[in-house]
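Only one structure is covered here, and it is reproduced in the block below.
The values are calculated or read from the model by the stated rules, or taken from the named source; none is laboratory data. Please read these numbers as outputs of a predicted model, since none were measured by experiment. Here Cβ is always computed from backbone atoms with ideal geometry, including for glycine, and neighbour counts include all displayed protein chains.
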Amino acid sequence: MSAFGRKNGPSGMKSGARPSFGVARPMKGGDKAAPKRDDVPPPGGEQFPPLPGEDPTAPAEAVSSAQPSKNDAMTRLADRANAVMEGNAEVGGFEASVHKIKEQVLPRLLERVDPEAAATLTKEELSEEFRPIIMEVLAELKVTLNRREQFALEKVLIDELLGFGPLEELLNDPDISDIMVNGPEQTYIEKGGKLVQAPIRFRDENHLFQIAQRIVNQVGRRVDQTTPLADARLKDGSRVNVIVPPLSLKGTALSIRKFSEKPITIDMLKEFGSMSDKMATALKIAGACRMNVVISGGTGSGKTTMLNALSKMIDPGERVLTIEDAAELRLQQPHWLPLETRPPNLEGQGAITIGDLVKNALRMRPDRIILGEIRGAECFDLLAAMNTGHDGSMCTLHANSPRECLGRMENMILMGDIKIPKEAISRQIAESVDIIVQVKRLRDGSRRTTNITEVIGMEGDVIVTQELFKFEYLDEDDDGKIIGEYRASGLRPYTLEKSRQFGFDQAYLEACL
């Protein structure tokens, strides 16, 4: 076989005339002959001379280009409508060559290796053990590799045996925040808030399905045709969702939400431009003063990141319990106990829901209860906990605005079998929740804290809120980055009394005004 090399790539008016108002005829002396075509008066006629600083001979395109075209938006729509969609990204060059060799070496390597013994070794130890065996197999295949190619081959073989195959490269890239596998031939990643196609490909559907099973088996879950949906997590806390055929028509689909290895703090979010100085101060005080906080936002807007950052402000002496479907919170406190739900078994029994864990958590002497995400009737159990001596509890939910967040909480409680009127539910929410933090991922990929809203109480059957901070959209620069301003409402916070109990009232008032 030849040495590796990069594949070469696959080798009605005249133009420029300005529309005129017509040729003006003299007001007197109509017997004059009409001007010849060679001496046509300037555009606009003699009665409409050019404006000062305007070149009468300049073409229309030059004049119109100085002003924004009215058809810009329609042109962009037409371009998008006529755009040709790109196909799947091809894996080529050096990587393709290494993967081609891997397909030949892997079967022979497995014949010489005991999988159970290999599973007990670390990647470094396995690499040392594999090196002479790989050289043996390459000699049999009459393949000659240089040092760089040998290292690359060792890495992909070990990733295949102990890791997650082609996903390992993406999981080790700190700039990637999301990995979305749509079957064996198409993988997208999110970098800087934008989706791009990744140059990786799985061998076939069976190869991808085996990797998905390896991921969910690590946390005691299972995925197959009888249970085609599964939530799992990786060792670093990254969240994984798996859906397999027959529900997924393009093959096994994986969605991996990666989390930063370095804990994100509120100050770091402020430096990223996610909030202003005053907003950061207000959120720090809200976390330290045991206010009940609900973090609202859409998918991928940064709700879990915000919850992790707020948890930094919890007193180290407090006992904190977190409850999630798939444990992904990484609290920065010493006295922290994570709890995780359990799906039903094959007979449909043995499921432990978030509501069950919330009820059980009340018997575990917690100071705060934090729910990763609420989706149903467990919302009522959390509100009950907030109202029974567990101040400082927090949760996240999906909503587009603080007002919609309150409506969703009401609807989730009504989804359960609780037979109480809607007015009583609204009153329970108003008495339990102190602050709603709205986070949003904008169209330029940036994540912003767009609202910090207080819940004041009830007026009739309506929950009354007061906005403390808001992100105002101003403009968009040439690169498509959104320009905005964080504005404080200048209102006296209703939760000021709660901050006074912890000695932060003056700082809180100054931040909000």
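Quick notes on this structure:
- Those residues of the range 106-136 which are surrounded by fewer than 11 Cβ atoms within 10 Å (Cβ to Cβ) and not small (G, A, S), in sequence order: P107, E111, D114, P115, E116, T120, T122, E124, P132
- Of the residues contained in the range 264-276, none is found to be more than 24 Å from the chain's Cα centre (by Cα) and surrounded by fewer than 21 Cβ atoms within 10 Å (Cβ to Cβ).
- Of all residues in the range 327-344 being over 22 Å from R363 (Cα atoms) and at pLDDT below 80, the one that is farthest from the chain's Cα centre (by Cα): Q332
- Whichever residue in the range 281-324 is in a helix (DSSP H, G or I) and out of contact with any helix residue (DSSP H, G or I) (no Cβ under 8 Å at 6 or more places or on another chain) and, among such residues, is nearest to Q501 (Cα to Cα): A288
- N241 being surrounded by fewer than 20 Cβ atoms within 10 Å (Cβ to Cβ) and either in contact with a Phe, Trp or Tyr (Cβ under 6 Å, 6 or more places away or on another chain) or not aromatic (F, W, Y) (or both): yes
- The C-beta contact set for the range 489-512 (first residue over 15 Å from A288 (Cβ atoms), second residue assigned to a loop (DSSP other than H, G, I, E, B), distance under 6 angstrom, 6+ apart or interchain) comprises G490/L513; C512/P493.
- Residue, modelled with the lowest pLDDT, within the range 457-490, restricted to residues that are in contact with an Asp or Glu (Cβ under 8 Å, 6 or more places away or on another chain) and either over 21 Å from L442 (Cα atoms) or part of a loop (DSSP other than H, G, I, E, B) (or both): G480
- Residues in the range 476-491 that are over 30 Å from Y508 (Cα atoms) and touching a strand residue (DSSP E or B) at 6+ places or on another chain (Cβ under 9 Å): 2 in all.
- Residue list for the range 185-225, restricted to those being touching a Lys or Arg at 6+ places or on another chain (Cβ under 7 Å) and either crowded, with 20+ Cβ neighbours inside 10 Å or within 14 Å of V244 (Cα to Cα) (or both): V216
Per-residue answers, yes or no, for (1) at pLDDT below 90; (2) buried (at least 16 other Cβ atoms within 10 Å of the Cβ):
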{"site": "R365", "(1), (2)": "no, no"}
{"site": "I369", "(1), (2)": "no, yes"}
{"site": "L382", "(1), (2)": "yes, yes"}
{"site": "A385", "(1), (2)": "yes, yes"}
{"site": "T388", "(1), (2)": "yes, no"}
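Conditions tested, residue by residue: (1) within 17 Å of T465 (Cβ to Cβ); (2) at pLDDT below 95; (3) in contact with a His (Cβ under 8 Å, 6 or more places away or on another chain).
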| position | (1), (2), (3) |
| --- | --- |
| G392 | no, yes, no |
| H398 | no, yes, no |
| M409 | yes, yes, no |
| Q438 | yes, no, no |
| R448 | no, yes, no |
